[in-house]
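Report on the structure given below.
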């Protein structure tokens, strides 16, 4: 029987995380749910443990990280745990603020038998937010100057059909929900741990493309991603803007320098443009 594991990362978000765990735990095809707590406060962590304990499910395992190393490091803890248990099967990375029905989840798992290459990453279509986008380039980033850099979707392939499934190959799938075989995760080397937040999924799939591992958006599978429900959820709007822009640009700089070989001048100009952009956002904030 095909084994399927789901990794859910938690940070001071016990209510939403527990609802996600309870929901996913009910899926018949899911054999294991790994909850990684990213060093939440003691009170928040204990609250989550109590609720998961009451769930009384042998499928659910909770692991507490000794530090909050961000999205990449947190999810890597879950992946390393599964690898230590010799897990074989599909592994899903899912944010706690994602909602997907059992039918739509099953469609993701079944789609591997129909896409062009089963050693791939797949995800569901999200009609309310970006499900996917083109790879970010240094040239594209600089071309927007101090303006917001939007996600574009110009590199999508045409929609293909196989059996009951419709899908298309894309550059980058959003990191809120990602599914791949455990061997695929291992082949890519998991997430690069040097980003705290943002660009993790883009770096992951950049590494994957170098190994001829593609990414597919499964159009027969729908999910809902709320977004921004745990990170800085108690911060002021002013602080949220600063944290977002600094984290985003730090990760972008890392991606540009370590993976795209960007020149120092390009990094400097990008930093300058992004700083001005942040100042304008702060001035215009409501």
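The values are calculated or read from the model by the stated rules, or taken from the named source; none is laboratory data. Bear in mind that the values here come from a model prediction, so they are computed numbers and not experimental data. For neighbour counting, all protein chains shown are included, and Cβ atoms are generated from backbone atoms with ideal geometry for every residue, glycine included.
Restricting attention to the range 98-118, does a residue exist that is in contact with a helix residue (DSSP H, G or I) (Cβ under 6 Å, 6 or more places away or on another chain), outside any loop (DSSP other than H, G, I, E, B) and either at pLDDT 95 or above or surrounded by fewer than 18 Cβ atoms within 10 Å (Cβ to Cβ) (or both)?
Of the residues in the range 98-118, the ones in contact with a helix residue (DSSP H, G or I) (Cβ under 6 Å, 6 or more places away or on another chain) are none.
Within the range 98-118, none of the residues are in contact with a helix residue (DSSP H, G or I) (Cβ under 6 Å, 6 or more places away or on another chain), outside any loop (DSSP other than H, G, I, E, B) and either at pLDDT 95 or above or surrounded by fewer than 18 Cβ atoms within 10 Å (Cβ to Cβ) (or both).
What is the number of the single condition among (1) outside any strand (DSSP E or B); (2) out of contact with any helix residue (DSSP H, G or I) (no Cβ under 9 Å at 6 or more places or on another chain); (3) farther than 30 Å from residue 45 by Cα; (4) touching a residue at least 60 places away in the same chain (Cβ under 8 Å) that residue 155 does not meet?
Looking at each condition in turn, residue 155 falls short on (4).
Would you pick out the residues in the range 158-199 that are touching a helix residue (DSSP H, G or I) at 6+ places or on another chain (Cβ under 6 Å) and over 16 Å from residue 73 (Cβ atoms)?
Residues satisfying the conditions are 165, 172, 179.
Please tell me if residue 130 is over 19 Å from the mean Cα position of the chain (by Cα), surrounded by fewer than 20 Cβ atoms within 10 Å (Cβ to Cβ) and part of a loop (DSSP other than H, G, I, E, B).
Working: over 19 Å from the mean Cα position of the chain (by Cα): no; surrounded by fewer than 20 Cβ atoms within 10 Å (Cβ to Cβ): yes; part of a loop (DSSP other than H, G, I, E, B): yes.
No; evaluated as a whole, the condition is false for this residue.
Go through the range 197-215 and give me each residue that's closer than 14 Å to residue 122 by Cα and part of a helix (DSSP H, G or I). Even if it seems obvious, please write down each step before you answer.
The initial filter retains those residues of the range 197-215 that are closer than 14 Å to residue 122 by Cα, namely 201-202, 204-205, 208-209, 213-215.
The answer is 201, 202, 204, 205, 208, 209.
Which of the residues that make up the range 31-42 are touching a helix residue (DSSP H, G or I) at 6+ places or on another chain (Cβ under 9 Å) and surrounded by fewer than 20 Cβ atoms within 10 Å (Cβ to Cβ)? If you could, list the steps in order and put the result at the bottom.
The initial filter retains those residues of the range 31-42 that are touching a helix residue (DSSP H, G or I) at 6+ places or on another chain (Cβ under 9 Å), namely 32-40.
The answer is 39, and nothing else.
How many of the residues making up the range 169-189 are surrounded by fewer than 19 Cβ atoms within 10 Å (Cβ to Cβ), outside any strand (DSSP E or B) and touching a residue at least 40 places away in the same chain (Cβ under 8 Å)?
Qualifying residue count for the region: 4.
Need the failing condition index for residue 122 against (1) touching a residue at least 24 places away in the same chain (Cβ under 8 Å); (2) under 16 Å from the mean Cα position of the chain (by Cα); (3) within 30 Å of residue 263 (Cα to Cα), just the number.
(3) is the only condition that residue 122 fails.
Take the conditions part of a helix (DSSP H, G or I), buried (at least 19 other Cβ atoms within 10 Å of the Cβ), modelled with pLDDT of 95 or more and at negative phi and apply them to residue 218. Does it pass?
Numbers: part of a helix (DSSP H, G or I): no; buried (at least 19 other Cβ atoms within 10 Å of the Cβ): yes; modelled with pLDDT of 95 or more: yes; at negative phi: yes.
No.
Could you list, in sequence order, the residues of the range 141-151 that are in contact (Cβ under 8 Å) with a residue 12 or more places away in the chain and within 23 Å of residue 214 (Cα to Cα)? Explain how you work it out, then say what you get.
First, pick out the residues of the range 141-151 that are in contact (Cβ under 8 Å) with a residue 12 or more places away in the chain: 141-142, 144-149, 151.
If the condition is that a residue be in contact (Cβ under 8 Å) with a residue 12 or more places away in the chain and within 23 Å of residue 214 (Cα to Cα), then 151 is the only one that fits.
Given the conditions (1) surrounded by fewer than 18 Cβ atoms within 10 Å (Cβ to Cβ); (2) touching a strand residue (DSSP E or B) at 6+ places or on another chain (Cβ under 9 Å); (3) modelled with pLDDT of 95 or more, report the number of the one that residue 86 does not fulfil.
Answer for residue 86: the failing condition is (2).
Just to verify a result, which residue in the range 1-22, among those that are within 18 Å of residue 90 (Cβ to Cβ) and exposed (fewer than 15 other Cβ atoms within 10 Å of the Cβ), is farthest from the chain's Cα centre (by Cα)?
My answer is 1.
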